[in-house]
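Input: a single structure, listed below in structure tokens.
The values are calculated or read from the model by the stated rules, or taken from the named source; none is laboratory data. For clarity, every value in this text was computed on a predicted model and none was experimentally measured. All Cβ positions, glycine included, derive from the backbone under ideal geometry; neighbour counts span all protein chains shown.
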Amino acid sequence: MTTRLAYGVSAAAMAAVLGAAAPAFAQSGAEVEEIVVTAQRVEENLQDAPVAVTAFSAAALERSNVETLDDVAIRTPGFSMGKVDPIQQNFAIRGIGSAQGISQNAGGDPSVVVFVDGVYAGRGGTPDLDALDLERVEVLRGPQGTLFGKNTIGGLVQFVTRKPGRDPALRIQGQLGNYDRRAINVRGNLPISDTLSVAGGVSIKKRDGYELNETTGNHVNNEDLKSLHAALRYAPSDALDVVLSYDVADQDQRGNPRDNICDTTFQGGIHCVGVNPDPRVMNAYTDGVMRRLLKTYRAEVNWQTPFGTLTSLTGYRDVKLNYVTPFFSNPVNPPAQIESTETGYEKDQQFSQEFRLAFDLLDERLRGQVGAYFLTEDINRTAWLLQQFPAPAQTGFATYPQAVDSKSTALFGQLSYDILPELTATVGARMTWEEKEGHFIGRKISGPGQPPPLGADYDVRAEEKWHAFTPRFALDWKPMDQVLVYASAARGFKSGGFQGTAGTAASQSTPYDPEFAWSYEVGAKTQWLANRLRLNLALFKTDYKDLQVSQLVPLCCVVVGNAATAKIEGAELEFVVRPFDGFQIDGSYAWLNAKFESFANGAQNNYSGNRLPRSPEDKINIGVQYDTELAGGWSLLARVDYSNQSKMYFEASNTPQQKQQGYINWDGRVALSSPDDRWEVAVWGKNLSDELVATYVTYFGLYRQTLVPYTPPRTYGVTLTWKM
């Protein structure tokens, strides 16, 4: 079932069944879970927020065994995710996303941003979800250019951690699974006094790799991740609340060589010699390396003043990343084979400061917030590219050091006014000033010829400034207590930048421009049957211009340019229903039509009308769970999650080689809890149908080779939890 018609029929049928069955179960069901979100930078009920947001509470994350952002993406309408490797991630929301991992380019930025407790997490990935002790995860869809600002043109993901509290708590969890998975997670909260409390968590995860590198005999794409989270809260009065937190993630594991899908008919298949056709077996001459050390410091101060709540958010991130990635995954042995290896080292230091004042006037008829924001990033990155080809002129070793200083400053505000008790108008705006300056070097180290992508050695300096005005207008109407209807128009902005590994000095020193998008949305958030049935709907259209598109130039490099305009339209439906005590069905359906309106890539290629990368037309997710009490006070909770996504492309050309076919995913979890609720043992499985799904595709048309890393195969295990 991968067509729009089939998906639409499924979603409509589900809604019809729920509506028809409603009177029968209205008297016996329990209420759906209420979730508080900060999608508008203030706490409010999910159903009262006039924006498209999907939220997962801590309990929902545990019930579905959500451990990574991949798990979040597969359960969120309009959200797709890929990976260049386990660290460099690509997010796309409603078809808007970066075409390559931002760590591959010191002068580039993402289109979908992660925030941790309100702090922008630009480069180097995010802390481990398990160690953070999350209170919830929020996914905001569509441009968020007013209140969140920087590079949130596609949307954002927000991690909200649990603040230290006055109740002592301890939770210890151990896990065993296939591929020799071993994990332990400890979280705790300790009140020191009436005004001071601390909380923290530590997580250690290890497992063998999902793929075998036949050349070395090692399993690659393994996991070795250690994470720590610590927080201190000082609340001397109701007027002052200070939270200081620290996170560290230490990742040290083997690399992620690509599966080499060879065209054996090309040149007699000589370039496929020694390549194993099994997609989980690699033939790289080296395993590669993935190492990351991420440290984050955050300070949040909330002060109740006579004018409103003044919030200060301070963040500092220090990231060290290095990797070795063999791309072609075939040994360089006679007969001559093709191999390309990228080695990279990056150090990123980021500081951000935000001040925000939230207030209400006129007996709360007028509510608003104003603020100022500043961010600076100091990025030092060096890439080494080794290319070993049959032709000597194409063989060589080159280095590409980059140093980029980036600054972003913004003033913003938003006001909401109750025209009538049930009718509210909102207007907001943000003015952003950005600048980037960099020092870029391309230098040949060795080789008989000039190694691609380097056309000639260069050493250049470049700088550029941009500014953007991103307003938002909205109107929401609440005709009854459990129904909210809204309409909005918002503008998004993504910063311009510089190339990663450019082939020439001219290309490297020429910046590409920012992206802009206007998004129009109407939606409804409703709850029925005494809060036992929730139905939320969003319809949207986005006009996109100056789209930054990454294109692979054969025997050169990945080039980013402002090549296109795009039109995006779609619909998203989310529902939760509890027909009777202990039983719940929840899910979503998304239809997305995201296409290039105008995109002429040179004289030979016109991509107008092609689908945007990572924008599946249809995506459905359904979760079914049941919990009940057993004899002796024990309780059982069982949950199954089903998702079905239609085909999508990884590149603007929409070639068949760069397409991920539609696929189905099944996850499941069964948990047994003791009468005192202190012990729980859970058996779980992910990707139970063992689908082979690409996370990223690179196609070298000149050699007819397709290079692919994949998501995990079928995994399963058991988790034991003790808590007090």
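Key figures for this structure:
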| item | result |
| --- | --- |
| Residues located in segment 345-368, provided they are under 27 Å from the mean Cα position of the chain (by Cα) and either under 23 Å from Trp433 (Cα atoms) or not hydroxyl-bearing (Ser, Thr, Tyr) (or both) | Glu346, Lys347, Asp348, Gln349, Gln350, Phe351, Ser352, Gln353, Glu354, Phe355, Arg356 |
| Selected residue [out of contact with any strand residue (DSSP E or B) (no Cβ under 7 Å at 6 or more places or on another chain) and under 21 Å from Ala358 (Cα atoms)] from Pro392, Pro421, Pro471 | Pro421 |
| Single residue of segment 612-656 satisfying the filter (aliphatic (A, V, I, L, M) and out of contact with any Asp or Glu (no Cβ under 9 Å at 6 or more places or on another chain)) that is farthest from Gly78 (Cα to Cα) | Ala631 |
| Residue check for Ala398: of a type in the set (A, V, I, L, M, F, W, C), touching a residue at least 40 places away in the same chain (Cβ under 8 Å) and not in a strand (DSSP E or B) | no |
| When residues of segment 199-222 are limited to those that are in contact (Cβ under 8 Å) with a residue 60 or more places away in the chain and among the acidic types (Asp, Glu), the one farthest from Asn178 (Cα to Cα) | Glu214 |
| Yes/no for Thr161 being over 21 Å from Thr711 (Cβ atoms), among the hydroxyl-bearing types (Ser, Thr, Tyr) and within 27 Å of the chain's Cα centre (by Cα) | yes |
| Any hit, segment 152-162, residues being out of contact with any Leu (no Cβ under 8 Å at 6 or more places or on another chain), surrounded by fewer than 19 Cβ atoms within 10 Å (Cβ to Cβ) and not in a strand (DSSP E or B) | no |
| Qualifying position, being under 23 Å from Asn45 (Cα atoms), at pLDDT 95 or above and of a type in the set (Gly, Ala, Ser), among Ala487, Ala410 | Ala487 |
| Considering residues of segment 462-502 that are more than 28 Å from Leu375 (Cα to Cα) and in contact with a helix residue (DSSP H, G or I) (Cβ under 8 Å, 6 or more places away or on another chain) only, the residue surrounded by the most Cβ atoms within 10 Å (Cβ to Cβ) | Leu484 |
| Among the residues listed as Ile664, Ile620, the single one being out of contact with any Leu (no Cβ under 6 Å at 6 or more places or on another chain), of a type in the set (Val, Ile, Thr) and surrounded by 19 or more Cβ atoms within 10 Å (Cβ to Cβ) | Ile620 |
| Check on Leu140, over 20 Å from Thr314 (Cα atoms) and in a strand (DSSP E or B) | yes |
| Exclusive hit being among the basic types (Lys, Arg), at pLDDT 95 or above and under 22 Å from Ala49 (Cα atoms), set Arg75, Arg162 | Arg75 |
| In segment 657-679, the residues that are out of contact with any Asp or Glu (no Cβ under 7 Å at 6 or more places or on another chain), under 30 Å from Gly717 (Cα atoms) and among the charged types (D, E, K, R) | Arg669, Asp676, Asp677, Arg678 |
| In segment 303-320, residue nearest to the chain's Cα centre (by Cα) [restricted to those that are part of a strand (DSSP E or B) and among the aromatic types (Phe, Trp, Tyr)] | Tyr316 |
| Odd one out for Ala336, checked against (1) at pLDDT below 95; (2) surrounded by 16 or more Cβ atoms within 10 Å (Cβ to Cβ); (3) of a type in the set (A, V, I, L, M) | (2) |
| Boolean, Arg365 is buried (at least 16 other Cβ atoms within 10 Å of the Cβ) and either aromatic (Phe, Trp, Tyr) or at pLDDT 95 or above (or both) | no |
| Some residue of segment 443-466 being closer than 30 Å to Asn302 by Cα, at pLDDT 90 or above, within 27 Å of the chain's Cα centre (by Cα) and of a type outside the set (S, T, N, Q) | no |
| Residues of segment 87-143 that turn out to be among the hydroxyl-bearing types (Ser, Thr, Tyr), at pLDDT below 85 and over 27 Å from Glu597 (Cα atoms), as a count | 2 |
| Matching residues, segment 167-189, being more than 29 Å from the chain's Cα centre (by Cα) and loosely packed, with under 15 Cβ neighbours inside 10 Å | Asp167, Pro168, Leu170 |
| Long-range neighbours under 6 Å by Cβ, at least six apart or interchain, first residue surrounded by fewer than 17 Cβ atoms within 10 Å (Cβ to Cβ) within segment 624-650, second of a type in the set (S, T, N, Q) | Glu629/Ser635; Ser635/Ser673; Leu636/Thr628; Lys647/Gln661 |
| Every residue from segment 602-617 that is exposed (fewer than 15 other Cβ atoms within 10 Å of the Cβ) and at positive phi | Gly602, Gly609 |
| Pick from segment 503-553, criterion assigned to a loop (DSSP other than H, G, I, E, B) and charged (D, E, K, R), ranking: surrounded by the fewest Cβ atoms within 10 Å (Cβ to Cβ) | Asp513 |
| Residue among Leu547, Leu573, Leu537 that alone is at pLDDT below 90 and touching a strand residue (DSSP E or B) at 6+ places or on another chain (Cβ under 7 Å) | Leu547 |
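Residue-wise test of (1) within 25 Å of Asp618 (Cα to Cα); (2) at pLDDT 95 or above; (3) surrounded by 20 or more Cβ atoms within 10 Å (Cβ to Cβ); (4) charged (D, E, K, R).
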| residue | (1), (2), (3), (4) |
| --- | --- |
| Gly668 | yes, yes, no, no |
| Leu688 | yes, yes, no, no |
| Glu691 | yes, yes, no, yes |
| Thr698 | yes, no, yes, no |
| Gln705 | no, no, yes, no |
| Pro713 | yes, yes, no, no |
| Tyr716 | no, yes, no, no |
| Thr721 | no, yes, no, no |
